[in-house]
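Q: First the structure, then my questions, so here it is.
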Amino acid sequence: MSEYPATYTVKLASRPVDRTVSVPGSKSLSNRALILAALQGGGTLTNLVECDDTQVMIHSLFTLGYTVDGDCARLSVHRERGDALIPNAQAELHLENSGTSIRFLTAALSVGRGHFTLDGIARMRERPIEPLLAALRQCGVTATSRLGTGCPPVEIITEGWKHHTVTVQADISSQYLSALLLAAPFSGKATTIHVEGAVVSEPYIAMTLAQLRQFGHTVTQHTPSSYRVSPWNGVPRNIPYPIEPDASSASYFFAAAAITGGRVTVRGTSHSMLQGDIRFVQALADMGCEVCETPDGIRVIGGPLRGIDIDMNAISDTMMTLAAVACFADGPTTIRNVAHVRHKETDRIQAMAGELRKLGAGAVETGDGLTITPAAMHGTGLDTYEDHRLAMSLALVGLRVPGVVIRNPGCVAKTYPNFWSDFEALQCDSAQQ
């Protein structure tokens, strides 16, 4: 779907869904792989997700002087032999509202040489990045928030890292630590990274570590809060790197099975994926669904749903998906320990609670989550606040509640441009799979 209407009316499910579906490649893995391929001077990625966030990253790499060839099915990134780590020593980058892009690029640019500015849309200027900038200053880099807010626009003036022991806080976003881990192999010396305090979304750190090792880098975790990163050996990774299906995108289709009492298999998913969000299916199992792994991928079969009390810190990108499912459970569901999602594309706790209340559901916001109490619901127009995950989660309610209208459905282009056509296909006859 290349063009989007101003509103999208969700089609009521006439029967339990019964489908095997495919979802795009992981945005999180795609943007990490693009950074690693660029800094290593070359790499080929397959099954790259084609969405706003990856296009922002690809355009930024091009602006920085890298050569980018091919399409998302098979994309190569390289720089000319003899070029500096960052080919262009000066650039102004506009990152829209892509958190991974601005945080990973901020750290990546710091190991090069030059003067760079990074900015985005109005909401990006509200998203904190100061913990990462503070860590880079420890490395001898001039890293500042131009407006003094601790948020973008960011200015980086660097001659590379001068110091190689750094402490970072990751209690607002795990991406600060991931950004340092991705950049550290290219800093010229072995680097020790200490984490101060709590870490949110820890599976994303595990994903970053696994991906670094797949690209041939050596990272040792000495303690739960201390990492030792060896310097890069100078050898680009020449074999194609496949991107896994996006586990967060898969969550909407697994949830559709739960909500309609149907059956959905997502191709290429497994419990051994790098992405921690695949653990969302365990939450559905706790609510009463059957979950099994098949040769095609993980399958979820809906059953009578019950409310649960759940800590979703580790899988917070699926928090709103579960909130939609909770509307159809027997008894209340409490989602806890996700206060950091208030700093995402929108304040996701506030936004989800408010939109569910518009539908008639009981939704009480807490400091670090929300409690959803099922109630009789009715269709209405729902706002998305430019948040792709809010739009996709609220659409799930429309499978059971007539008259659900999603405003600004085009915001899904951030990570899943074809979501609406894939969502509609859920209700095709199973013989058409």
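Q: Taking only the stretch 264-297 into account, find how many residues are farther than 18 Å from Ala326 by Cα, of a type outside the set (A, V, I, L, M) and in contact with a Gly (Cβ under 9 Å, 6 or more places away or on another chain).
A: Residues that pass the stated criteria total 7.
Q: Additional query: Would you check if there is a residue in the stretch 229-238 being outside any loop (DSSP other than H, G, I, E, B), of a type in the set (A, V, I, L, M, F, W, C) and not assigned by TED's automatic domain parsing to the domain that holds Ile310? Spell out the reasoning first.
A: So in the stretch 229-238, the residues outside any loop (DSSP other than H, G, I, E, B) come out as 229.
Those still in the list that are of a type in the set (A, V, I, L, M, F, W, C) too: 229.
From the residues that got through so far, the ones that are not assigned by TED's automatic domain parsing to the domain that holds Ile310 too are 229.
Yes, there is a match, as at least one residue in the stretch 229-238 is outside any loop (DSSP other than H, G, I, E, B), of a type in the set (A, V, I, L, M, F, W, C) and not assigned by TED's automatic domain parsing to the domain that holds Ile310.
Q: Only strands (runs of 3 or more DSSP E) wholly contained in the stretch 29-126 count here; list those with 2 or more residues that are crowded, with 16+ Cβ neighbours inside 10 Å, in contact with a strand residue (DSSP E or B) (Cβ under 6 Å, 6 or more places away or on another chain) and not assigned by TED's automatic domain parsing to the domain that holds Tyr416. Step through it out loud before you land on a result.
A: On the way: elements: 42-46, 67-71, 74-78, 90-94, 114-119.
Passing ranges, in order: 42-46, 74-78, 90-94, 114-119.
Q: Follow-up question, since we're still on this one. Looking at the stretch 141-181, which of its residues are in a loop (DSSP other than H, G, I, E, B), in contact (Cβ under 8 Å) with a residue 40 or more places away in the chain and not charged (D, E, K, R)?
A: At the first step, the residues of the stretch 141-181 found to be in a loop (DSSP other than H, G, I, E, B) are 141, 146-153, 159-164, 171-174.
Applying the additional criterion that residues be in contact (Cβ under 8 Å) with a residue 40 or more places away in the chain yields 152, 159-161, 171-173.
Residues satisfying the conditions are Pro152, Gly160, Trp161, Ile172, Ser173.
Q: Another question, then. Just to be sure before I move on: is Arg299 among the basic types (Lys, Arg), assigned by TED's automatic domain parsing to the domain that holds Glu424 and closer than 24 Å to Trp420 by Cβ in the structure I sent?
A: Details: among the basic types (Lys, Arg): yes; assigned by TED's automatic domain parsing to the domain that holds Glu424: yes; closer than 24 Å to Trp420 by Cβ: yes.
In short, yes.
Q: If I filter the stretch 274-283 for residues that are surrounded by fewer than 21 Cβ atoms within 10 Å (Cβ to Cβ) and without any contact (Cβ under 8 Å) to a residue 40 or more places away in the chain, do I get at least one hit?
A: yes
The values are calculated or read from the model by the stated rules, or taken from the named source; none is laboratory data. Values in this document were obtained by computation on a predicted structure and should not be read as measured data. FYI the Cβ positions are ideal-geometry reconstructions off the backbone, even for glycines, and counts take in every protein chain you see.
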